[in-house]
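The values are calculated or read from the model by the stated rules, or taken from the named source; none is laboratory data. Keep in mind that this is a model prediction, so the values were computed, not measured. Every residue, glycine as well, gets a Cβ built from its backbone with ideal geometry; the counts of neighbours run over all protein chains shown. Ligands, DNA and RNA are excluded from the accessible area calculation, which covers all protein heavy atoms including side chains. Shrake-Rupley method; radii C 1.70, N 1.55, O 1.52, S 1.80 Å.
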Amino acid sequence: MRSKSWLAALAGLPLLASSLMPAPAAAAVLPVQVILDGRTLTLDPAPTILEERTMVPMRGLLEAMGATVTWDQDTQTVKAVKGDQYVQLRIGRRLACLSLDCTRAASLDVPAAILGDRTFVPARFVSQAMGARVTWDNERRAVVIETDKTPDYTFTGITIPALQSGQTISGPVELRAGGAAGAYVQFYLVDPTTGVARIVAAGKDAQGAYTFTPDPTVKGPHLVVAAVRGADGVTRYSDPVPVSLAPNPVIRVTGIESAGTITGPITLGTSINFVGVSAELQVVDAVNQVESLGSIDPASNLTWYPQIGHNGDRWLRARVTDMYGNTYDSPYLPVRVQSGYRQSIAGIAEGTVLTNSVTLKPAANYPMEAIKYLLDEQVLGWGYEYKWNFGAELNGAHTFRIEILGKDGQVRNIGPYNIKINVQPGVRFGGIGPNQVVTGTTALKVTGHYVNAASADYYLGDANGGNATYLGSGLSFNWTPKAAQAGDRTIWAVAKDSAGKSWTTDKVKFRVYTGTVYGPKAVATRDEFKTLARSLAVPAYRELGMSAALQVAQSFLETGYGQSVPVDKYTGRFSYNLFGIKCGGTANCIISNTWEEYNGVAYRVDDYFRAYNSVEESWKDHKAFLMERIYYVPFRAVMADPVLGALALRRSGYATDSQYPTKLIKIMKDNDLFKLDLFEF
């Protein structure tokens, strides 16, 4: 029996001019011939050249070689068997199975194809798969096949050196392509039964190391393929490496070692070896009572402030949830808690200067019975929460202390602190914030700060506060701007207290606009946008390895399924901005709204957002934004995985919303988007 060690690599061998690629000068002179064991085959139709590879009619060649050939029209699959030699090809697929279960396989640079109404296969590949030696006779323009000789190829293609054939993958593994330089690399995980693949890692460093983290629900035999795209744009594939996925979820609480001692606040996290959505950290006591410390992104951490009641032997545990709602628990981590008594107060410390009334709410890691607040050792008040109102009469230096009576009968103190009170009475303007653009009726108001405001008059000035015009009176007042008042303006109020003393608010610079204001618009109907987003995401996924499911989910979330796309609020120019990306300057941008805060009140101001000429341009820029900016290095490391990518987007700063990943994952599940990351190999 001949050795089969060459089978797993034969498809990656280029068809060189000295082997099977016809000389260009002869291409128009002689047709390609196939010579089998010295006999010229008459093949109908004749061999042809496809993507610089010699393709031959399937049945004519394989049956002439003594193979049994079968064709499945439904699956577009051809199988050939000759003794212990086996090959299975599917039309348009690069995966070639060399065993019945496809755990031995090869990657084709040119797949089998239907030309006219006939099935053509790569001559060199199928001939060597049947155990024959193949050479090219340039003078006769002939493929020469010798069945009594073994293949003598020299394989110099792509490899995955870190993976061993038959390796069991139970957790994260390193993937690295070897054997060829390139401009981009992707790694595929292929189901050998269906030939369906997904990208599990990708990046610009073709020689770099990447990590594949398994989904805990995906198990069994699979194939791993490296695809290296050269500077010439041509992608070359490694032969598939057969592996067995046997995820063994391992979870570990981080931040403290087993049997460690906790004496105060401690930062805890998790380490996991699979794709998880969230991690809940728990503390368990001796009678198995479980207390949640909080839920986090599995790659993040939290700070635990142990209570006196936690003192003693305890066990820490992490419970991780995957995208399907399955939960996995870490082993119990034994620790000993020896926390001392701690108490604190937010907003007051040594040297604090107070200018406003404050609400005091002490915190302690032990049960509190009563709380007393003292200023200069005089009692201010009592209670778990105390609203301390004071005025200018207390301006100056003071000592401040909080006395806490614990349920254990012991008294403990916060402070004393040396503080200063510096109340500056005045009045505050509300209703318009700095740089706000007022486009219609606006509610104005004046509030006193340690002043009993009785009345107020409102004034409008030019950009510098000059040329004041009286607007109206009242502690609250609805103002409707007129067209003549448009432009850069300043607004303020003059209030009088109950004693008749006048107080002037700060002057707020803003802008009046009385023209037409445009709001967000739809880019397409909801269903049309769903189709459009999918059509743009999949090609980008195949090019970059950035999850198509995640791309689509982001566009759905940022635009309300395409129904709320920013337009320029003043010109109505449509932005086609599908991902809420702001401008770095003002060039090629539209003006829309964002939020600011003034005197404790949120209001909208103008901001610049990127504008595009089409949805395609927006989609392309979004990919460039994520692929080029240094902030998104953590995202790029996991961008092929829709769940890990969603979590990394927030960690990288794309969104401040703590629920951003959760929203994206829900959108992907609700809209069955994960299938967008699957393709036929």
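Scanning segment 214-241 for residues that are within 20 Å of Asp641 (Cβ to Cβ) and small (Gly, Ala, Ser) gives Gly220, Ala226, Ala227. Here is the figure for segment 97-118: residues that are crowded, with 20+ Cβ neighbours inside 10 Å, touching a Phe, Trp or Tyr at 6+ places or on another chain (Cβ under 7 Å) and not in a loop (DSSP other than H, G, I, E, B) total 1. Of all residues in segment 39-50, those being polar (S, T, N, Q) and open to solvent by 100 Å² or more (accessible area, probe 1.4 Å) number 1. In contact with a Lys or Arg (Cβ under 9 Å, 6 or more places away or on another chain) and within 30 Å of Tyr450 (Cβ to Cβ): is that true of Ser498 in this structure? No, not satisfied.
Of all residues in segment 299-318 being assigned to a loop (DSSP other than H, G, I, E, B) and hydroxyl-bearing (Ser, Thr, Tyr), which is modelled with the highest pLDDT? In this case the residue turns out to be Tyr305.
Could you tell me whether Arg412 is closer than 30 Å to Gly580 by Cα, in a strand (DSSP E or B) and open to solvent by 30 Å² or more (accessible area, probe 1.4 Å)? It would help to see each step written out before you state the result.
On the way: closer than 30 Å to Gly580 by Cα: no; in a strand (DSSP E or B): yes; open to solvent by 30 Å² or more (accessible area, probe 1.4 Å): yes.
In short, no.
For residues that are closer than 25 Å to Phe212 by Cβ and more than 9 Å from the chain's Cα centre (by Cα), scanning just segment 654-663, find the one that is most open to solvent (accessible area, probe 1.4 Å). Among those that are closer than 25 Å to Phe212 by Cβ and more than 9 Å from the chain's Cα centre (by Cα), it is Thr662. Note on segment 83-96: residues that are open to solvent by 20 Å² or more (accessible area, probe 1.4 Å) and either touching a helix residue (DSSP H, G or I) at 6+ places or on another chain (Cβ under 9 Å) or basic (Lys, Arg) (or both) total 4. Restricting segment 566-606 to residues that are of a type in the set (A, V, I, L, M) and at pLDDT 90 or above, the residue that is nearest to Leu536 (Cα to Cα) is Leu578. The residues of segment 667-681 that are of a type in the set (Asp, Glu) and either closer than 17 Å to Val190 by Cβ or surrounded by 15 or more Cβ atoms within 10 Å (Cβ to Cβ) (or both), listed by number, are Asp677, Glu680.
Hey, can you tell me all the residues within segment 51-69 that are closer than 14 Å to Phe120 by Cα and surrounded by fewer than 14 Cβ atoms within 10 Å (Cβ to Cβ)? Passing the criteria: Glu51, Glu63.
So which residues in segment 255-298 are in a loop (DSSP other than H, G, I, E, B) and either among the β-branched types (Val, Ile, Thr) or open to solvent by 60 Å² or more (accessible area, probe 1.4 Å) (or both), if there are any at all? If you could, list the steps in order and put the result at the bottom.
So in segment 255-298, the residues in a loop (DSSP other than H, G, I, E, B) come out as 255-259, 263-265, 273-277, 285-289, 297-298.
Listed by number, the residues that qualify are Ile256, Glu257, Ser258, Ala259, Thr263, Pro265, Val275, Val277, Ala286, Val287, Asn288, Gln289.
Annotation: of all residues in segment 169-209 being of a type outside the set (A, V, I, L, M, F, W, C), buried (at least 19 other Cβ atoms within 10 Å of the Cβ) and touching a residue at least 40 places away in the same chain (Cβ under 8 Å), the one that is nearest to Leu626 (Cα to Cα) is Gly203.
Close Cβ contacts (under 8 Å, 6 or more residues apart or on different chains) running from residues in segment 363-385 that are of a type in the set (Asp, Glu) to residues that are open to solvent by less than 40 Å² (accessible area, probe 1.4 Å) comprise Glu369/Gly406; Asp376/His398; Glu377/Arg401; Glu385/Leu360.
Here Pro367, Pro362, Pro331 are screened, and the one residue that is exposed (fewer than 13 other Cβ atoms within 10 Å of the Cβ) and either among the charged types (D, E, K, R) or out of contact with any Asp or Glu (no Cβ under 7 Å at 6 or more places or on another chain) (or both) is Pro367.
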